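Below is one structure, written out as structure tokens; the observations come after it.
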Amino acid sequence: MKAFLTYTAARIAVFAVTFGIVWGIASIFFESGNTFSLLVLLVSLLLSSVASIFLLADLRNKLALNVQQRAERMTERLEESRRAEDID
């Protein structure tokens, strides 16, 4: 669970930083308004997604390993339960 929370917090942080940078740069060239905000949001989502592919690769790998280990443990428990039922 810790790996999930760490990765999620890192993704949010990357988005927040990207949003701030894009907002600052866009506000120099464009007037603010509804369309401006939506455009900044969409560009920020796109850029932060691409950036997190590279910046958060280690955290994502740790999360994937954690999920895989949990799935293996659950599978082992299920197999143990089935074997216990077969013995009775």
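The values are calculated or read from the model by the stated rules, or taken from the named source; none is laboratory data. Since the structure is predicted, the reported quantities are computational estimates derived from the model, not experimental observations. For neighbour counting, all protein chains shown are included, and Cβ atoms are generated from backbone atoms with ideal geometry for every residue, glycine included.
Tabulated data
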| quantity | calculated |
| --- | --- |
| Long-range neighbours under 6 Å by Cβ, at least six apart or interchain, first residue free of Cβ contacts under 8 Å to residues at least 40 places away in the same chain within segment 17-35, second not aliphatic (A, V, I, L, M) | Thr18/Ser44; Thr18/Ser48; Phe19/Ser44; Val22/Ser44; Phe30/Phe36 |
| Residue within segment 70-81 that is touching a helix residue (DSSP H, G or I) at 6+ places or on another chain (Cβ under 7 Å) and not charged (D, E, K, R) present | no |
| Any pair with Cβ under 6 angstrom, 6 or more apart, that starts in segment 41-65 at a residue that is at positive phi and ends at one that is surrounded by 13 or more Cβ atoms within 10 Å (Cβ to Cβ) | none |
| Unmet requirement for Phe30, which otherwise passes all of (1) within 29 Å of Arg70 (Cβ to Cβ); (2) exposed (fewer than 14 other Cβ atoms within 10 Å of the Cβ) | (1) |
| Lone unmet requirement of (1) over 22 Å from the mean Cα position of the chain (by Cα); (2) at pLDDT 95 or above for Ser48 | (1) |
| Out of Phe19, Phe4, Phe36, sole residue that is surrounded by 12 or more Cβ atoms within 10 Å (Cβ to Cβ) and touching a Phe, Trp or Tyr at 6+ places or on another chain (Cβ under 7 Å) | Phe36 |
| Flag if Arg60 is basic (Lys, Arg), surrounded by fewer than 14 Cβ atoms within 10 Å (Cβ to Cβ) and within 30 Å of Ala9 (Cβ to Cβ) | no |
| Condition check for Val14: surrounded by 16 or more Cβ atoms within 10 Å (Cβ to Cβ), without any contact (Cβ under 8 Å) to a residue 60 or more places away in the chain and within 23 Å of Leu63 (Cβ to Cβ) | yes |
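Yes/no per residue for (1) in a helix (DSSP H, G or I); (2) modelled with pLDDT of 95 or more; (3) small (Gly, Ala, Ser); (4) out of contact with any Gly (no Cβ under 9 Å at 6 or more places or on another chain):
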| residue | (1), (2), (3), (4) |
| --- | --- |
| Ala3 | yes, no, yes, yes |
| Val14 | yes, yes, no, yes |
| Glu31 | no, no, no, yes |
| Thr35 | yes, no, no, yes |
| Leu42 | yes, yes, no, yes |
